[in-house]
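Inspection log for the structure reproduced underneath, given as structure tokens.
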Amino acid sequence: MSDRNQASNAGDSRTFAEVLTARASRRDVLAGGLAAAVTAVFAPPPGARAATGADRVGGVEPRAEPSGLLGFKPVTTGEADTVVVPEGYRVDVLAPWGTALDGGGAFSQEATGAEQGRQVGSHHDGMHFFPLHGSSTEGLLVVNHEYVEPRFLHAAYAGKPFDGETVIVTDGARDADEVLKEMNAHGVSVLRIGRGSDGKWSVRPDPLNRRITALTPMAISGPARGAPQLRTRYSPDGTGVRGTLANCSHGVTPWNTYMAAEENWAGYFRNNDTSGDKPDLPREQARYDVAVGAMSRYGWELAADGADETIRFDASRKADDATGDYRNEPNAFGWMVEIDPFDPRSVPVKRTHLGRFAHENVIFAPARAGKPVVCYAGDDSRFEYIYKFVSAAPFDPATASGALLDEGTLYAARFHDDGSGEWLALVPGKNGLTPENGFADLAEILINTRLAADRAGATRMDRPEWGAIDPTSGAVFFTLTNNTRRTEAEVDAANPRAQNRFGQIIRWREAGDDHAAETFDWDLFVLAGAKETSRTFKRRALGADNIFACPDGLWCDADGRLWIETDIGEDSLNTGGYAVFGNNQMLAADPRTGEIRRFLTGPVGQEMTGVVTTPDQTTMFVNVQHPGATTAAEAFAAGNLSSHWPDGGDKVPRSATLAIQRADGGKIGA
Ligand code: FEO
Ligand code: CA
Ligand code: CA
Ligand code: CA
């Protein structure tokens, strides 16, 4: 949902002057343009930094030749309504939106809201494969469903001039079953899958199959549990909430549970409170862009049945206090949600100590007994931050659980222009987080994570998306997808391009290779773009085999291959300066050599997202999200959809998972 990310952080927590250094000076950028800026960013840092500085990131002195990590022949950019993989690979479609969990019934666009609650949701995003008993042919595929396009979800919308967000409102109300279907198409699917003797993967009827939706009861845990800002009519003591929303990417804990991120949740609410003639939203809503106006994104608060689970999307004050209305409902969103996929009765838990923002995903460092548990997360909006959580208690494989995430320290990242970096603790009494500055306690800091990071002086980034950790080196990678609103006065070494249309991938290593460290060294792994606008850390331009833009999904496999998925927004895709990149794609990189090869191109209008392999690395699962999103409203009315993937013919497009295998049964990417 790239184009819905708001430019909400207009603050000036860090001026350019504060980050100006010799490594990438404003003069380089302004006077010399991109080439000079790129040279400055990748130039070895001066003097003593060379021994410990950013060029150490990613391992030893880079070699000139490919390391042999990438063994496939790159594919060309693509514009067709299909998936293209390298020679010697096969690709099958698994679990598209609307697939029944119990094995019954073919897909029908006419499914009711209740039926959708027992079907695979829409707009697949982050995903993990949990093997059953270590198997690489049987397991649980857990998939996030980020949002919906009502015009594809509802058969009755055909023939109308609707864009991807339009909903039908009649006399100020929405059809209650449409609202239910939309809520049930959000959330997470837990799918028991297996590989047949023909090599094809499928969803199997199984008691472990589960849908978690915008309605599923959840617990709130950690320091913000019970805070006054979380009290609602549904949960007067502020300990529970119904549902999870806008589940973009995910994480996997060291104790083998799944974490679903809540990203662009703010637009699902509206708040019409005013003071005088101005909107009067509390800071924990205003800083996150909760909607003001006639209706929220989909208008769920307008459901004709007026059910309690729908009116909560109106956060306006209606009662005498917070336990009589839903003024605080938005505060129960923006968290990471822990789910145990192996227990279908388990209650998902929102872990508040990981912070509240537009959570893209969370990546856990490899856990070591006796050491704290560490995870990293990005806030995907323009000029937002990268965070890290370090648990207070050490990891013990015998007893580890989600409780480890309820006590510890949340940090925000500051990237200095000399290639060093530091983690700013978001704890009471530090970095300006005092009662005088509006942060009475830890709960208040966490509910207002963005404001706390503003105050602490974290570096405003170009939309942090996924993080990944190279298991062979410990290096941490993050995609910074784009930020066309950054001005020349706002560039810094980590975000070195004004009007950044193509994005970059940043990486760092923690001091002493200790993920709990409070300092690190960083560099830019690659500046994405076309031949003229791109550079790898080896100072090479990208070319026909690997040009790409807007990196989003990111994952390191067990061998250290870095998989990169792109999300050029549907308004830009295949147009103007983006046309050269074709449809959104997936590439693989060798972090040591900087070599990058295009592995896959997707159908029309989609973004590639979600990537994981089976333990033996012979099947890779990848998600295709929002095929056909490039269909203009008039074209939709005329029945001219830009994509009919994966069913073909005149069918509506459906998000789906791909299962990719090699004909020779070998490792993916090798
Ligand atoms: Fe849901 Fe930032 O992508
Ligand atoms: Ca997206
Ligand atoms: Ca994106
Ligand atoms: Ca994303």
For Val390, are the conditions met, namely being buried (at least 24 other Cβ atoms within 10 Å of the Cβ) and more than 14 Å from the chain's Cα centre (by Cα)? no
Taking the options Val580, Val612, name whichever one is more than 16 Å from ligand 3 (Cβ to nearest atom), part of a helix (DSSP H, G or I) and of a type in the set (A, V, I, L, M, F, W, C). Val580
Taking region 562-595, which residues are open to solvent by 10 Å² or more (accessible area, probe 1.4 Å) and under 22 Å from the mean Cα position of the chain (by Cα)? Glu570, Asp571, Ser572, Tyr578
Whichever residue in region 479-507 is more than 14 Å from Cys550 (Cβ to Cβ) and among the hydrophobic types (A, V, I, L, M, F, W, C) and, among such residues, is farthest from ligand 1 (Cβ to nearest atom): Ala489
Give me the pairs, please: first residue somewhere in region 615-636 and farther than 25 Å from Gly121 by Cα, second residue anywhere and open to solvent by less than 10 Å² (accessible area, probe 1.4 Å), beta-carbon distance under 6 Å, and either six or more positions apart or on two chains. Gln617/Ile668
Output the number of residues of region 80-111 satisfying the condition of being touching a residue at least 60 places away in the same chain (Cβ under 8 Å), open to solvent by 50 Å² or more (accessible area, probe 1.4 Å) and closer than 19 Å to Asn209 by Cβ. 4
Would you pick out the residues in region 613-651 that are surrounded by fewer than 22 Cβ atoms within 10 Å (Cβ to Cβ) and either of a type in the set (A, V, I, L, M) or within 16 Å of ligand 1 (Cβ to nearest atom) (or both)? Ala632, Ala633, Ala635, Ala637, Ala638
Is it the case, given these coordinates, that Ala412 is within 16 Å of ligand 4 (Cβ to nearest atom), assigned to a strand (DSSP E or B), buried (at least 24 other Cβ atoms within 10 Å of the Cβ) and at pLDDT 95 or above? no
Can Asn331 be described as crowded, with 22+ Cβ neighbours inside 10 Å and within 16 Å of ligand 1 (Cβ to nearest atom)? no
Of everything in region 422-466, what is farther than 14 Å from Phe357 by Cβ and within 16 Å of ligand 4 (Cβ to nearest atom)? Give them in sequence order. Asp462, Trp466
Scan of region 243-283 for residues that are open to solvent by 10 Å² or more (accessible area, probe 1.4 Å), within 23 Å of Leu451 (Cβ to Cβ) and either more than 16 Å from ligand 2 (Cβ to nearest atom) or β-branched (Val, Ile, Thr) (or both), ordered by number: Arg270, Asn272, Asp273, Thr274, Ser275, Lys278, Pro279, Asp280, Leu281, Pro282, Arg283
Any residue that is in contact with an Asp or Glu (Cβ under 7 Å, 6 or more places away or on another chain) and assigned to a loop (DSSP other than H, G, I, E, B) - is there at least one of those in region 337-345? no
Do the conditions hold for Lys350, that is, is it within 15 Å of His250 (Cβ to Cβ) and touching a residue at least 24 places away in the same chain (Cβ under 8 Å)? yes
Considering only region 194-278, give the strands (runs of 3 or more DSSP E) lying wholly within it that have at least 2 residues that are more than 30 Å from Gly370 (Cβ to Cβ). 201-203, 210-212, 217-221, 240-242, 247-252
For region 511-523, name all the residues that are among the charged types (D, E, K, R) and surrounded by fewer than 22 Cβ atoms within 10 Å (Cβ to Cβ). Asp513, Asp514, Glu518
Filter region 584-598 down to residues that are within 30 Å of Ala632 (Cβ to Cβ) and more than 16 Å from ligand 3 (Cβ to nearest atom), then give me how many there are. 1
Across region 192-206, which residue is surrounded by the most Cβ atoms within 10 Å (Cβ to Cβ) among those that are more than 28 Å from the chain's Cα centre (by Cα) and among the small types (Gly, Ala, Ser)? Gly199
Return the pairs, sorted by first residue and then second, in which the second residue is among the aliphatic types (A, V, I, L, M) and part of a loop (DSSP other than H, G, I, E, B), the first residue lies in region 223-239 and is under 14 Å from Phe333 (Cα atoms) and at pLDDT 95 or above, the beta carbons are less than 7 Å apart, and the residues are 6+ apart or on different chains. Leu230/Ala224; Gly238/Ala227
Do any residues in region 117-137 that are in a loop (DSSP other than H, G, I, E, B) have Cβ atoms under 6 Å from those of residues that are among the aromatic types (Phe, Trp, Tyr), where the two are at least six apart or on different chains, and which pairs are they? Val120/Trp97; Ser122/Trp97; His123/Tyr147
Residue, nearest to ligand 4 (Cβ to nearest atom), within region 525-571, restricted to residues that are of a type in the set (Val, Ile, Thr) and not in a strand (DSSP E or B): Ile568
Matching option when the condition is outside any loop (DSSP other than H, G, I, E, B) and modelled with pLDDT of 95 or more, among Ile660, Ile668: Ile660
Here are some residues: His154, His186, His123, His128. Which one is out of contact with any Pro (no Cβ under 7 Å at 6 or more places or on another chain), modelled with pLDDT of 95 or more and at positive phi? His123
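The values are calculated or read from the model by the stated rules, or taken from the named source; none is laboratory data. It should be emphasised that the depicted structure is a prediction, and the values quoted were computed from it without experimental measurement. For neighbour counting, all protein chains shown are included, and Cβ atoms are generated from backbone atoms with ideal geometry for every residue, glycine included. Heavy atoms of the whole protein, side chains included, go into the accessibility calculation; ligands, DNA and RNA do not. Shrake-Rupley method; radii C 1.70, N 1.55, O 1.52, S 1.80 Å.
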